[in-house]
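Structure first, then comments.
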Amino acid sequence: MLPRANNFSFMSTPITAGQLKEAWPVLRLVPDFLVKSSAGNLPEFKVSRIRWVRSRRGREIEGYLILCPMLRRQFSSPDEEFILDKVIAAGHIAERMRCAILGLGGYGSILSLPAYDRIVQTLKIPVTSGNALTAWTVIEVLYRAARIKKIALQGLSAVIVGNHTCIGGLCAVKLSEFGLAVITGSREAFKKADIVINAAASMDELIEVKDLKPGAIFCDVSLFSLTGEAKLRDDITVIEAGLIKLPSGQVISAAMAETMLLTFEQRFVDYSGVGSINPDKLEEIADIAAWHGFEVYAPEFPAL
């Protein structure tokens with residue numbers, strides 16, 4: 001049967017007990033240590049219905065959240081083959097649900113280009129990583145923070161943790177266009193940078209928050225978040241990016257929002273990959289988001 005044009009699917013991969021509890025409310029009363037120890041016995045996938053989502057333009061879509069727990073294990077780097085198998089299995093579930101597109105969250109959005117290509121070649125429906133809109137949230141919130149703090153971005157130095165990732169690469173391009181000096185992320189560079197963006201794809205890449213210089217702006221958009229630790233420092237500005245507020249007021253990940261926006265627009269294509277993405281897509285998806293009433297969510301740094 002043909003996919004239904006108003007149906008999308010999104011694969012979420014919680015990697016901490018807290019994220020799993022948020023996605024699976026029945027576990028909220030279970031202590032974290034029990035969640036971690038029993039995660040391997042949970043159903044491999046939990047599918048829940050996302051009821052009608054309405055655009056500011058009056059359009060309506062619905063979808064399915066495909067939840068695959070991948071709690072952080074005793075290794076620093078993700079097991080790509082394991083993740084690849086899960087993503088493809090989630091894609092087949094989406095196909096059976098007659099969804100028109102599959103969005104990838106969590107580990108699914110940081111796979112290598114060869115792995116992503118295998119997914120695209122295997123599945124019969126298009127796939128998007130959400131990396132374009134996610135990267136845009138970083139640029140937008142940095143701009144807001146600079147405006148509120150009355151800081152001129154031009155001439156500042158920026159270091160990107162995980163600059164080899166799709167999100168990191170897109171941020172590097174856009175920041176360079178704004179006149180920032182994007183420098184290689186050595187430990188000494190982190191200590192001197194005015195802006196540090198955490199887009200790390202593994203725990204091996206993480207920096208020490210204590211190494212950030214006083215007055216620095218720290219923007220976190222990584223699965224391996226350092227936001228909690230960074231907020232303990234009152235001498236730096238901490239930004240949590242990658243979030244979108246829907247017209248209903250609900251806050252979701254930018255990756256899921258991108259999937260919804262493509263469904264609203266009937267753009268059933270492999271929009272955001274994990275390799276090289278045309279930076280123009282950031283402005284395009286941002287314009288589509290604004291058209292449908294989706295807003296970058298950063299309550300500490302409101303838009304004008």
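Mind telling me which of the residues Leu282, Leu262 ends up being within 16 Å of Arg56 (Cα to Cα) and in contact with a Phe, Trp or Tyr (Cβ under 9 Å, 6 or more places away or on another chain)?
Answer to the selection: Leu262.
Which members of the stretch 156-176 meet the condition of being part of a helix (DSSP H, G or I) and free of Cβ contacts under 8 Å to residues at least 60 places away in the same chain?
Of everything in the stretch 156-176, those that are part of a helix (DSSP H, G or I) and free of Cβ contacts under 8 Å to residues at least 60 places away in the same chain turn out to be Ile167, Gly168, Cys171, Ala172, Leu175, Ser176.
Picking from Val251, Val274, Val296, which residue would you name as being crowded, with 23+ Cβ neighbours inside 10 Å and either at pLDDT 95 or above or among the hydroxyl-bearing types (Ser, Thr, Tyr) (or both)?
Step by step, each of Val251, Val274, Val296 is checked, and only Val296 is crowded, with 23+ Cβ neighbours inside 10 Å and either at pLDDT 95 or above or among the hydroxyl-bearing types (Ser, Thr, Tyr) (or both).
Looking at (1) assigned to a helix (DSSP H, G or I); (2) touching a strand residue (DSSP E or B) at 6+ places or on another chain (Cβ under 7 Å), can you tell me which one Ala200 breaks?
(1)
So Val209 clears everything in (1) over 15 Å from the mean Cα position of the chain (by Cα); (2) crowded, with 16+ Cβ neighbours inside 10 Å; (3) touching a residue at least 60 places away in the same chain (Cβ under 8 Å); (4) over 18 Å from Ala135 (Cβ atoms) except one condition, right? Which one?
Here Val209 meets the rest and fails (3).
Condition first: among the aromatic types (Phe, Trp, Tyr) and either in contact with a strand residue (DSSP E or B) (Cβ under 6 Å, 6 or more places away or on another chain) or part of a helix (DSSP H, G or I) (or both). Now tell me which residues in the stretch 212-267 satisfy that.
Of everything in the stretch 212-267, those that are among the aromatic types (Phe, Trp, Tyr) and either in contact with a strand residue (DSSP E or B) (Cβ under 6 Å, 6 or more places away or on another chain) or part of a helix (DSSP H, G or I) (or both) turn out to be Phe218, Phe264.
Conditions (1) farther than 30 Å from Arg187 by Cα; (2) at pLDDT 90 or above; (3) surrounded by 15 or more Cβ atoms within 10 Å (Cβ to Cβ), marked per residue:
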{"residue": "Phe75", "(1), (2), (3)": "no, no, no"}
{"residue": "Asp85", "(1), (2), (3)": "yes, no, no"}
{"residue": "Thr137", "(1), (2), (3)": "no, yes, yes"}
{"residue": "Asn163", "(1), (2), (3)": "no, no, yes"}
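Residues in the stretch 219-235 that are within 24 Å of Asn131 (Cα to Cα) and surrounded by fewer than 15 Cβ atoms within 10 Å (Cβ to Cβ): how many?
1
All but one of (1) in a helix (DSSP H, G or I); (2) in contact (Cβ under 8 Å) with a residue 12 or more places away in the chain; (3) in the same structural domain as Ile50 (by TED's automatic domain parsing) hold for Ala290; which doesn't?
Failing condition for Ala290: (2).
Looking at His92, is it touching a residue at least 24 places away in the same chain (Cβ under 8 Å) and part of a loop (DSSP other than H, G, I, E, B)?
In short, no.
For the stretch 6-55, which positions are assigned to a loop (DSSP other than H, G, I, E, B) and modelled with pLDDT of 80 or more?
Scanning the stretch 6-55 gives Asn6, Thr13, Ser55.
The values are calculated or read from the model by the stated rules, or taken from the named source; none is laboratory data. Small disclaimer: the values here were computed from a predicted structure and weren't measured. Glycine gets a Cβ as well: all are built from the backbone with ideal geometry, and neighbour counts include every protein chain shown.
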